[in-house]
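*Asks:* Dropping the structure in here first, questions after.
The values are calculated or read from the model by the stated rules, or taken from the named source; none is laboratory data. Model, not experiment: these values are computed from the prediction. So basically every Cβ, Gly included, is an ideal-geometry build from the backbone, and we count neighbours across all protein chains shown. Surface accessibility is based on the protein's heavy atoms, side chains included, excluding ligands, DNA and RNA. Shrake-Rupley method; radii C 1.70, N 1.55, O 1.52, S 1.80 Å.
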Amino acid sequence: MEFQKNLLEYISQSLMTTDETISVAESVTSGCLQLAFSQMPNALMFYKGGLTSYTLQEKVRLLGVDAHEAEECDCVSENIAETMALNVAKLFESDWSIATTGYCTPIRNSSYKIFAFFSFSYKGEIILTKKLELHPKTQALNAQLYYTEFILGCFKSEINQLLILK
């Protein structure tokens, strides 16, 4: 599995330039974002770590997701992604965080659609949350890889905006 080298290098350089850290909480991407961050040059200088929590119970236990809310939406919503992002940043004491939750295969709970929510937090605030939808015939691994690349591209844009404002 290979990620866009220039994208990884840009994110790495940006985080080192701002002297900021990042952590990741994944569900639907199942470790792909963590793999991408671990492949970045000098990852030890900014990547604090991540966790993959696939079940409702683990999202509640590890990431402080509300159990009742999670049951109602099968752990897939804007708010669940935001809660995951905020709490993984607290857990790892990182400046930035990214969280993902969603579906990489069409099932009844997803109304037979493939979609994901992702959220970015920065210094304890949610700065971006989006829903990403794919064609229902997309293969699971392709969906996970697409989500990962798309999210990294969005993260690059958010870092870029921050650098411009500094």
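*Asks:* Suppose only helical runs count, i.e. DSSP H with n ≥ 4. What mean residue ellipticity at 222 nm does that imply for the chain under -39500 (n - 2.57) per run, divided by all residues and rounded to the nearest 500 deg cm²/dmol? Write down the numbers at each step before the final one.
*Replies:* Numbers: 6 runs with 77 residues, N = 166.
Computed ellipticity for the chain at 222 nm equals -14500 deg cm²/dmol.
*Asks:* Counting only pairs 8 or more residues apart or on different chains, how many lysine pairs in the chain have their Cα atoms under 17 Å apart?
*Replies:* Close lysine pairs under the 17 Å cut-off: 12.
*Asks:* Also: Using all alpha carbons of segment 84-166, what is the percent of pairwise distances in each 5 Å bin, ordered from the shortest bin to the longest?
*Replies:* So the P(r) values, bin by bin, are 3, 15, 22, 20, 17, 12, 7, 3, 1, 0.
*Asks:* Label points 7 Å out from Cα along the Cβ direction at Glu125 and Thr55: separation in nm?
*Replies:* 3.8
*Asks:* Which distance in Å, rounded to a whole number, links the C-alpha centroids of segment 86-147 and segment 1-44?
*Replies:* If you average the Cα positions of each part, the centres end up 15 Å apart.
*Asks:* A follow-up question, please. Working from the pairwise distances between different alpha carbons, so that the mean of 1/r is found and then inverted, what is segment 42-108's Kirkwood radius in Å? Working shown, then result.
*Replies:* Numbers: mean 1/r = 0.0793 Å⁻¹.
When all Cα pairs of segment 42-108 are included, the Kirkwood radius is 12.6 Å.
*Asks:* Let me know the charge dipole size of the chain about its Cα centre in debye, to the nearest 20, where only the beta-carbon of Lys, Arg (+1) and Asp, Glu (-1) is charged. It would help to have the intermediate numbers written out before the result.
*Replies:* Details: 13 positive and 19 negative charges, 66 e Å.
I would put it at about 320 debye.
*Asks:* Treating the angle as unsigned and between 0 and 90°, give the value, to the nearest 10°, between the Cα long axis of helix 78-92 and the longest Cα principal axis of the chain.
*Replies:* The answer is roughly 50 degrees.
*Asks:* Bins of 5 Å, beginning at zero and ending with the bin holding the largest distance: percent of Cα pairs per bin for segment 1-51, please.
*Replies:* 4, 23, 32, 24, 14, 3, 0
*Asks:* If you don't mind, another one. Separation between the Lys5 and Ala140 pseudo-spin-labels, each 7 Å from Cα along Cα→Cβ, expressed in nm?
*Replies:* Each label point lies 7 Å from its Cα, and together they span 3.2 nm.
*Asks:* Which value in nm describes the separation of the simple spin-label points at Ser157 and Asn109, placed 7 Å from the Cα toward the beta carbon?
*Replies:* Using points 7 Å along Cα→Cβ, the separation is 2.9 nm.
*Asks:* Can I ask one more? Roughly how many percent of the accessible protein surface of the chain is carbon and sulfur, given a 1.4 Å probe and a whole-percent answer? Can you show the working numbers first?
*Replies:* On the way: 4200 of 8370 Å².
Of the solvent-accessible surface of the chain, carbon and sulfur hold 50 percent.
*Asks:* Quick one: accessible area per residue over segment 1-113, 1.4 Å probe, rounded to a whole number of Å²? Before the final figure, lay out the partial values.
*Replies:* Working: 5510 Å² over 113 residues.
Accessible area per residue, segment 1-113: 49 Å².
*Asks:* Which percent, to the nearest 5, of DSSP beta bridges fully inside the chain are antiparallel?
*Replies:* Working: 16 of 25 bridges.
That works out to approximately 65 percent antiparallel.
*Asks:* Ok, one more. Below 8 Å between Cα atoms, with a sequence gap of 6+, how large is the relative contact order for the chain in percent? Display every interim value, and only then the final one.
*Replies:* Numbers: 308 pairs, mean separation 38.5, N = 166.
Computed over the chain, the figure is 23 percent.
*Asks:* Once all Cα-Cα distances of the chain are split into 5 Å bins that start at 0, what whole-number percent is in each one?
*Replies:* Histogramming the chain at 5 Å steps yields 1, 10, 19, 23, 21, 14, 8, 3, 1, 0 percent.
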